[in-house]
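Notes follow the structure.
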Amino acid sequence: MSKRIQKKSASALLAKFKANQCTPEEIAWLESWYMNWNAENEPELSELELKAVEIEMSEALGLTKRATLKLWPKIAAAASVLFFLSVAFYFFYLQPKAEQKLSHITDVSPGGNRAVLILADGSKIDLKDAKSGALAKEGNVLIKKSKDGQLIYDLSGTAATKGSEITYNTIETPRSGTYQVILPDGSSVWLNAASKLKFPTRFAGNERTVEIKGEAYFEVAKNPVKPFRVLSDHQLIEVLGTHFNVNNYTDEPFVKTTLVEGSIKVSSKGSSKIIRPGEQSIIGSGDKIEVVSVNTEQVVAWKNGLFSFKRADLETVMRQISRWYNVEVTYEGEVPEISFTGKIYRNVNLQEALKSIGYIGIKYRVENNKVIIEPEKQ
């Protein structure tokens with residue numbers, strides 16, 4: 001993608017920083033630009049000038065290229081001191097984009113706290129509309145919704161631990177939904193959009209087993225004598241007590257399990273791997289397990305209200321957008337070979353999110369509930 005220096009555009013944007021008037025998409029693009037910035041992209045500058053740019057940029061943004069991006073708490077003060085120096089001249093900006101065709105379209109709201117609980121008898125409870133308090137009773141297990149929206153399985157009844165029949169419940173989040181459930185053993189599970197968790201209303205025997213489809217983050221209550229097992233497509237995860245993320249969407253090319261804390265064993269088709277904190281297991285169509293090091297904060301950003309990408313291809317980015325905003329994404333012609341690095345708040349409307357992504361040079365239009373990515377001009 002071609003780039004050019006635009007001192008006027010850069011100065012105007014930096015002036016908005018100084019006045020604390022930058023929009024979220026402008027901040028997201030600046031974060032993305034800096035993470036992708038490379039001195040090799042500015043061959044006309046001397047070595048000393050290049051070094052000055054890099055030092056002043058990193059100091060002003062309060063980060064290094066290896067740092068996980070934060071929304072910059074010190075950026076206004078830093079910009080007023082540093083950015084209006086010679087750095088502003090060297091700040092390059094993407095070529096002007098064609099105006100995106102969104103203004104006449106009703107905007108799409110972001111996803112939120114919504115899910116459906118399916119009880120053992122098949123009856124369904126819409127958790128978004130349900131009031132806080134007791135929702136149902138399965139055997140001796142009381143199912144409640146907390147005031148802050150959590151689904152809780154209460155085994156405070158003494159007879160709930162033995163003797164009663166084991167039943168299974170399923171919680172499903174729709175596209176554009178997310179939800180937290182506290183399981184009967186005290187483990188917490190956060191479900192991302194378009195996900196499903198099946199679990200017993202109480203854990204009996206010598207193990208705790210649940211099934212997941214989609215994406216979920218687990219904080220497993222420690223119990224050395226009763227391992228926690230997660231079944232998903234192509235794999236089995238075994239833990240004693242730990243924090244980890246499972247990404248198991250059917251429209252993703254890989255099943256990914258990321259460990260944040262503790263230790264887990266991932267098994268698939270007779271082979272297994274021990275995963276340590278900061279590692280991710282990846283299983284493809286051949287069911288072979290590969291282990292790589294990852295930034296766990298980026299992987300679980302969805303749980304904390306963010307999209308977080310690092311050199312992600314456009315299709316990967318748009319799959320997440322599609323699930324969260326419940327929109328269809330189509331491509332006219334070939335998919336643009338563009339990567340995106342940056343963060344976007346998940347609580348912004350679709351237009352805001354698309355504008356942030358649009359700064360990398362894609363052209364798109366929105367028609368009803370469909371985002372259409374237009375081909376790049378040759």
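Descriptive notes on the structure:
- Residue in the stretch 212-220 that is among the acidic types (D, E), in contact (Cβ under 8 Å) with a residue 60 or more places away in the chain and out of contact with any Phe, Trp or Tyr (no Cβ under 6 Å at 6 or more places or on another chain) present: yes
- Enumeration of residues in the stretch 126-154 that are at pLDDT below 90 and surrounded by fewer than 18 Cβ atoms within 10 Å (Cβ to Cβ): G139
- Answer from K288, K303, K256, K310 - the residue that is more than 28 Å from G342 (Cβ to Cβ) and of a type in the set (K, R): K288
- Check on T258, among the hydroxyl-bearing types (S, T, Y) and more than 23 Å from the chain's Cα centre (by Cα): no
- Checking every residue in the stretch 320-328 against the condition of being in the same structural domain as V366 (by TED's automatic domain parsing), surrounded by 15 or more Cβ atoms within 10 Å (Cβ to Cβ) and outside any helix (DSSP H, G or I) gives at least one match.
- Count of the stretch 329-363 residues, restricted to those that are of a type in the set (D, E) and part of a strand (DSSP E or B), is 0.
- Residues satisfying the stated conditions in the stretch 253-292, i.e. acidic (D, E) and part of a loop (DSSP other than H, G, I, E, B): D287
- Lone unmet requirement of (1) under 30 Å from G112 (Cα atoms); (2) part of a loop (DSSP other than H, G, I, E, B) for S308: (2)
- For G149: the one exception among (1) closer than 30 Å to N369 by Cβ; (2) in a strand (DSSP E or B): (2)
The values are calculated or read from the model by the stated rules, or taken from the named source; none is laboratory data. No experiment lies behind these values; they were computed from the predicted model shown. Cβ sites come from the backbone with ideal geometry, for glycine too, and all protein chains shown count toward neighbours.
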